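Structure record follows, encoded as structure tokens.
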Amino acid sequence: MKKIVFTLMWIVFIQTPLTAEAGKIRVVTTTEDLAAITNAVGGDGVQVDFIARGAQDAHFIDAKPSHMLKLSRADLFVQIGLGLEVGWAPSLLMGARNAKIQRGEKGYVNASEGIELLEIPTDKIDRSAGDVHAEGNPHYWLDPMNGQQIANNIAAGLIRIDPAGKESYEQNLKQFSEKLDRAITGWKRKMEPFKGEKVVTYHNSWAYFLQRFSLEAAAYIEPKPGIPPSSAHLAQVIRQIQGEGLRVIIVEPYFDGKVSRFVARKTGAKVVLLQPSVSSGTGIEDYFQLFDHLIATLADGLKK
Amino acid sequence: MRLRILSRFLLFFVVLVGLFLPLFALDGGAVWAQSRASQRFNPDISLNGLFAASYFSEPNHLQFGAHDPNARGFTLQNLELTLSSVVDPFFRAEGHLIFGFDDGESIVEIEEVHMTTLGLPYGLQVMAGQFFTRFGRQNKQHPHAWQFVDQTIINTLMFGGDGLRNLGVQVSALLPLPFYLELIGSVQNARGETALSFLSSSEETFAGRPIVDQAINEGNDLLYMGRLKTSLDFSENTSSVFGTSHLLGSNGTGLDTRTRIHGIDFFIKWKPTLAQNGWPFLLLQGEAMQRSYQAGAALVDDSLIFRKTFKTEGYYIQTLYGFKRQWVAGLRYGSANATDPSDPRTGDRWRISPNLTFYPSEFSKIRFQYNHDQSDDRDDPIHAVFIQYEFTIGAHAAHTF
């Protein structure tokens with residue numbers, strides 16, 4: 001009996017805490033990258049929570065009631081947009097019954113606003129092209145320059161719902177921007193020797209990152225976004241890697257490592273495991289450490 | 001004469017060119033952008049087609065669901081046109097129109113059309129229109145979201161082939177507690193073929209008593225539903241939903257005869273954090289229901305049958321294992337203590353259904369299923385084999401947990 005009571009108490013204990021720390025603005029973001037930037041911009045005045053863990057593929061999150069509970073208490077909701085969270089964020093917003101954070105309200109932030117998006121389809125689209133995003137490639141947080149605009153959008157949202165904190169948010173934003181500028185210079189310097197290199201990636205998720213550092217994706221392990229590779233496609237990728245002398249296959253932890261390793265074995269290319277989000281790997285606690293990891297790991301992989 | 005015809009033709013030609021000239025004069029890109037811009041106000045539109053090829057060992061089978069495969073050969077189980085959008089800052093609306101064949105004739109059904117509030121205070125939400133009663137888990141699901149080819153025995157028995165749905169209003173509240181607890185209450189019309197256990201007029205009799213078409217003249221003639229739904233996360237990988245549902249309404253066998261249905265349900269999902277495209281996962285789901293149907297007294301063939309309360313019970317339990325990306329294996333067992341939806345005096349029955357589903361993408365599926373149907377009133381079991389195939393085109397809203 002004691003055991004049962006203890007188990008029940010434990011289950012209740014691990015659910016979402018009801019009360020916010022007194023007086024703090026409650027922000028819920030869809031991803032940990034957005035949470036990290038919100039923490040930097042919000043400072044001590046905000047309490048930040050998120051839905052998708054850094055280690056999770058944000059396309060495939062379940063619209064769990066516990067997530068609705070989080071959103072029901074939020075003052076501000078921040079999402080990546082561009083269809084990345086389309087499978088679950090609308091259900092969560094509907095289930096949360098929180099008027100403040102609905103699309104178009106003061107407490108809603110689409111972090112992609114004002115960002116120069118890549119791969120916006122110009123022609124009519126359908127799903128014969130796989131999981132295409134009608135509004136453009138949503139992996140824009142992987143260009144650190146876009147981190148600046150994301151922070152601007154979040155700061156604007158915070159100021160909208162908490163005008164009293166304007167000065168502090170602007171101060172934090174300025175600090176974040178300056179630190180980011182300095183860091184980008186450093187990252188670019190480290191990637192300088194690899195300018196123009198071609199790589200293979202599993203999913204088309206590195207477009208922004210590669211463009212920023214003047215690299216190019218020559219092939220994808222997936223034949224089309226979201227479609228698993230056939231052996232014919234893999235054979236073609238293998239031929240291409242051999243033909244063009246490609247040396248690196250970039251893969252995220254939630255994609256099929258076996259397939260990538262198979263291609264690597266056949267071609268002598270190296271599999272480089274890149275963590276695409278804050279907290280998806282150890283030691284990646286914020287937006288800066290994410291790029292420290294990406295640059296160091298990729299530079300190491302590309303070294304001859 | 002000829003000149004007049006020619007001049008008329010010329011005049012017609014000039015007017016025609018004049019009418020279309022502005023179009024040519026406009027920049028083609030601007031016209032395209034304009035039409036695209038206005039399209040952005042369009043609601044999300046999707047079309048779902050659900051088909052089955054089936055074989056039954058016995059043509060007189062026990063597949064009573066209106067969307068179940070129901071004949072040897074091919075069945076259009078469901079063709080669903082869904083439109084949904086935010087209406088204004090205050091409401092969201094969606095409509096699900098169903099098309100199908102009824103004995104070769106094409107039919108249209110208004111399955112669901114409702115509007116839901118977006119911003120009521122105190123965690124309240126109101127939905128109004130035509131909607132599936134939120135009783136348990138299976139009843140509110142559209143056929144394309146089912147994890148098996150057919151409806152469960154107990155749902156068909158309690159709510160009929162089309163499920164329990166009608167015009168009405170629902171109010172729900174998310175309570176301010178440290179865990180998820182939702183209270184749902186609804187009032188709906190109790191008449192029509194989509195209210196089988198209530199004032200339905202689609203069945204001619206219930207346990208020998210004629211069902212009389214009764215007008216809704218007082219509150220007693222409506223259908224009341226109450227549901228309590230809670231959700232707990234056991235860990236980051238495993239979440240659960242538990243619920244109890246209760247229905248009360250009049251039935252058509254007498255002037256003051258009532259039907260009560262009670263149900264409990266659960267759903268548990270395991271999915272590891274590092275799932276690839278949503279795989280692997282394991283689901284466990286079950287529902288149990290009990291109906292007590294007060295059948296009124298009636299004079300049938302010059303003999304009086306007395307007022308009597310009929311109890312009907314049943315349950316199902318199902319598990320689905322997404323063992324490899326794109327593949328899901330399932331097993332369902334369902335049982336009920338009545339065979340015929342309109343006559344609960346007949347015997348017990350059970351059905352076991354293993355299945356295997358392949359999802360080429362999120363927007364298509366091919367499902368293989370075997371049903372073993374055993375019923376007390378028959379000597380031999382009925383075997384059925386189904387191949388189900390489905391497509392969805394357009395923008396379809398996500399399904400809830």
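With viscosity set to 1.567 mPa s and temperature to 4 °C, compute the Stokes-Einstein D of chain B, Rh being the Kirkwood radius across alpha carbon pairs; µm²/s, no decimals.
The estimated diffusion coefficient comes to 54 µm²/s.
Principal axis extents for chain A, Cα atoms only, whole Å, descending order, please.
Its Cα atoms span 61, 53, 45 Å along the three principal axes.
Figure the gain on full extension for B:LEU120 and B:TYR370 (residue separation times 0.36 nm, minus the Cα-Cα span) and round it to one decimal in nm.
85.4 nm
Among the trypsin sites (Lys or Arg not before Pro) within the stretch A:106-172, which fall in a DSSP loop and have no more than 10 other Cβ atoms within 10 Å of their own Cβ?
Those satisfying the criteria are A:LYS124.
Which value in nm describes the separation of the simple spin-label points at B:ILE107 and B:PHE306, placed 7 Å from the Cα toward the beta carbon?
3.9 nm
Short version: what are the Cα gyration tensor semi-axes of the stretch B:179-300, square root of 5 times each eigenvalue, largest first, in whole Å?
40, 15, 11
Where in the stretch B:96-164 are there chymotrypsin sites (Phe, Trp or Tyr not before Pro) that are in a DSSP coil and have at most 11 other Cβ atoms within 10 angstrom of their Cβ? Spell out each step's value before the answer.
Working: sites: B:PHE99, B:PHE101, B:TYR122, B:PHE131, B:PHE132, B:PHE135, B:TRP146, B:PHE148, B:PHE159; in loops: B:TYR122, B:PHE135, B:TRP146, B:PHE148.
When the chymotrypsin sites (Phe, Trp or Tyr not before Pro) of the stretch B:96-164 are filtered for loop state and at most 11 Cβ neighbours within 10 Å, B:TYR122 remain.
Whose amide H sits under 5 Å from the amide H of B:LEU181, counting only residues 5 or more places off or on another chain, with H placed in the peptide plane?
The answer is B:LEU175.
How much length is gained on full extension from B:LEU282 to B:TYR55, taking 0.36 nm per residue of separation minus their Cα-Cα distance?
Here the answer is 78.8 nm.
Just in the stretch B:237-321: which chymotrypsin sites (Phe, Trp or Tyr not before Pro) are loop by DSSP and have at most 12 other Cβ atoms within 10 Å?
B:PHE306
By the gyration tensor of its Cα atoms, with a ≥ b ≥ c the square roots of the eigenvalues, what is the shape of the stretch A:17-185: rounded for a/c under 1.5, prolate for a/b over b/c, or oblate?
oblate
Could you point to the residue in A:VAL132, A:LEU71, B:SER250 farthest towards the positive end of the protein assembly as shown's charge dipole, with +1 and -1 charges on the Cβ of Lys/Arg and Asp/Glu respectively?
After comparing all options, I get A:VAL132.
Which longest run of chain B has no exposed loop site in it, a site being GluC sites (Glu not before Pro) in a DSSP loop with at most 10 other beta carbons within 10 Å, and the site itself not part of the run?
Values: sites that count: B:GLU204, B:GLU218.
So the longest stretch without any such site is B:1-203.
Using only the alpha-carbon atoms of the protein assembly as shown as identical scatterers, what base-10 log of I(q)/I(0) does the Debye formula give at q = 0.07 Å⁻¹?
For the requested q values the scattering log ratios are -0.59.
Let me know the shape class of the stretch B:88-229, please: from the alpha-carbon gyration tensor, a ≥ b ≥ c as square roots of the eigenvalues, rounded when a/c is under 1.5, otherwise prolate if a/b is greater than b/c, or oblate.
Note, shape of the stretch B:88-229 comes out prolate.
Summarise the partner chain shielding of A:62-73 as one whole number: the mean count of Cβ atoms from other chains within 10 Å of each residue's Cβ. If you can, show how the numbers build up before the last one.
Values: counts 10, 4, 9, 15, 7, 5, 6, 11, 0, 0, 4, 2.
Shielding by partners across A:62-73 averages 6.
Which angle from 0 to 90°, rounded to the nearest 10, does the C-alpha axis of helix A:257-267 make with the longest principal axis of chain A?
Computed tilt is about 20 degrees.
Any chance you could give the angle, 0 to 90 degrees and rounded to 10, that helix B:2-25 forms with the longest Cα principal axis of chain B?
Tilt of helix B:2-25: around 70 degrees.
Helix A:231-244: angle to the longest alpha-carbon principal axis of chain A, degrees 0 to 90, nearest 10?
70 degrees
Say the cut-off is 23 Å between C-alpha atoms; which of A:LYS100/A:LYS166; A:LYS224/A:LYS258; A:LYS106/B:LYS229; A:LYS124/A:LYS195 go over it? Intermediate values should be presented prior to the final figure.
Working: A:LYS100/A:LYS166 19 Å; A:LYS224/A:LYS258 18 Å; A:LYS106/B:LYS229 30 Å; A:LYS124/A:LYS195 34 Å.
Exceeds cut-off: A:LYS106/B:LYS229; A:LYS124/A:LYS195.
Between A:LYS179 and B:ILE45, what's the calculated FRET efficiency when r is the beta-carbon distance and R0 is 51 Å? Round to 0.05.
Efficiency, from the Cβ-Cβ distance: 0.65.
Can you find, among A:GLY301, A:ILE161, B:LEU284, the residue sitting farthest towards the positive end of the charge dipole of the protein assembly as shown, where Lys and Arg contribute +1 and Asp and Glu -1 at Cβ?
In the protein assembly as shown, that residue is A:GLY301.
With unit charges on the beta carbons (Lys and Arg positive, Asp and Glu negative) and the dipole taken about the Cα centre of the protein assembly as shown, which residue among B:PRO89, A:ASN98, A:ALA111 sits farthest to the positive side?
Farthest along the dipole direction, towards plus: A:ALA111.
How many times 2.2 N^0.38 Å is the alpha carbon radius of gyration of the stretch A:124-270?
For the stretch A:124-270, the normalised Cα radius of gyration comes out at 1.32.
Can you give me the Kirkwood hydrodynamic radius for the stretch A:87-127, using every pair of distinct Cα atoms, in Å to one decimal?
Details: mean 1/r = 0.0778 Å⁻¹.
Final number for the Kirkwood radius of the stretch A:87-127 is 12.9 Å.
What translational D, rounded to a whole number of µm²/s, comes out for the stretch A:188-302 from Stokes-Einstein when the hydrodynamic radius is the Kirkwood one over Cα pairs, at 37 °C and 0.692 mPa s?
Numbers: Rh = 14.4 Å.
D = 228 µm²/s.
Mind listing the phi-derived Karplus ³J(HN,Hα) values for the stretch B:154-162, rounded to whole Hz, using 6.51, -1.76 and 1.60 with θ = phi - 60°, and x for any glycine or proline?
5, 5, 5, 5, 7, 10, x, x, 9
Per residue of the stretch A:129-144, what does 6.51 cos²θ - 1.76 cosθ + 1.60 with θ = phi - 60° give for ³J(HN,Hα)? Whole Hz please, x for Gly and Pro, Karplus curve as stated.
8, x, 7, 7, 9, 4, 9, x, 5, x, 8, 6, 5, 7, 9, x
Read the figures in this text as sums done on the coordinates, not as results from a lab. Computed from a predicted model, the values in this text were never measured in an experiment. When we count neighbours, we look across all protein chains shown, and the Cβ atoms used for this are built from the backbone with ideal geometry, even at glycine.
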